[in-house]
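The values are calculated or read from the model by the stated rules, or taken from the named source; none is laboratory data. Owing to the predicted nature of the structure, the values given are computational and were not obtained by experimental measurement. Don't worry about glycine lacking a Cβ; one is built from the backbone with ideal geometry, like all the others, and counts go over all protein chains shown.
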Amino acid sequence: MRTVQRSIHYRLGLLLIILLLCSSAAQFRARENLKIPRPAPMFVLPSWDGKVLKSVSLKGQVLVLDFFQSWCPDCQKTSPELEKIYRKYKDQGLTVVGISHDGEGTKAVEPFVKKYDLTYPVLLGDLSIAINYIGITREDSSFHIPYVVLIDREGMIVAQYEEGVSPEATNIPRLELRIKKLLEPASINVAPPSPKP
């Protein structure tokens with residue numbers, strides 16, 4: 001009897017391990033397909049205050065997309081820091097866009113925006129933007145927040161930082177260094193004058 005029970009427990013444990021590995025492999029494959037750099041997908045999303053933001057209106061800006069939820073302790077720390085960065089660099093072409101994934105929508109986001117005095121656009125995200133930018137799937141829609149995506153002036157996603165995976169997701173001074181590099185003017189390639197014969 002004990003041998004049969006052990007065999008059943010062993011098989012169930014093995015099956016569970018296989019299922020977990022398959023799920024992780026599927027998520028890895030989905031995210032692996034999102035190479036960097038790659039063109040940023042377009043989006044049209046409502047903001048917490050009833051407006052609509054179209055990504056095409058941000059063309060030529062350096063963008064920081066901050067995927068968050070209002071209940072998240074790390075998001076509560078990073079959002080005010082991102083506001084400081086936004087105010088510091090917005091005149092140089094930086095736009096920060098918060099993308100909330102709170103299930104309660106405006107009801108959860110409005111107090112968050114007001115509490116932290118956020119002046120950058122804060123949008124109500126949906127599953128499609130997370131699929132397009134983060135690489136999750138409908139079957140496995142989990143990701144760690146905050147999740148930060150950097151987009152250069154040419155509209156290319158040049159970096160993605162996930163909490164627990166990349167320090168830049170919560171280490172704002174480190175993230176600021178990455179942002180500053182994107183804000184630097186492009187170097188001009190000028191050929192040296194040709195020598196006279």
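Find the residue count for the range 146-182, including only residues that are out of contact with any helix residue (DSSP H, G or I) (no Cβ under 8 Å at 6 or more places or on another chain), under 15 Å from G93 (Cβ atoms) and β-branched (V, I, T). Residues meeting the conditions: 1. Among the residues of the range 131-147, those that are more than 13 Å from D102 (Cα to Cα) and touching a strand residue (DSSP E or B) at 6+ places or on another chain (Cβ under 7 Å) comprise Y133, I134, F143, H144, Y147. Look at G155 and say whether it is of a type outside the set (F, W, Y) and on the phi > 0 side of the Ramachandran plot. Here the answer is yes, as G155 does meet what is asked.
Surrounded by 13 or more Cβ atoms within 10 Å (Cβ to Cβ), in contact with a His (Cβ under 8 Å, 6 or more places away or on another chain) and in the same structural domain as P46 (by TED's automatic domain parsing): is that true of I129 in this structure? For I129, the condition - surrounded by 13 or more Cβ atoms within 10 Å (Cβ to Cβ), in contact with a His (Cβ under 8 Å, 6 or more places away or on another chain) and in the same structural domain as P46 (by TED's automatic domain parsing) - is not met.
In the range 148-167, of all residues being touching a residue at least 60 places away in the same chain (Cβ under 8 Å) and in a loop (DSSP other than H, G, I, E, B), the one that is surrounded by the most Cβ atoms within 10 Å (Cβ to Cβ) corresponds to E163. Here the condition is being surrounded by 22 or more Cβ atoms within 10 Å (Cβ to Cβ) and either out of contact with any Phe, Trp or Tyr (no Cβ under 8 Å at 6 or more places or on another chain) or among the small types (G, A, S) (or both); of S55, S47, S79, it holds for S79 alone. For the range 48-103, the candidate set comprises residues that are without any contact (Cβ under 8 Å) to a residue 60 or more places away in the chain and among the hydrophobic types (A, V, I, L, M, F, W, C); within that set, the residue that is farthest from K181 (Cα to Cα) is W71.
If I go through the range 102-119 residue by residue, how many of them are aromatic (F, W, Y) and assigned to a helix (DSSP H, G or I)? Don't jump to the end; show me each part of the working.
Looking only at the range 102-119, we keep the residues that are aromatic (F, W, Y), and these are 112, 116.
Within this subset, residues satisfying the condition of being assigned to a helix (DSSP H, G or I) are 112.
So the count comes out to 1.
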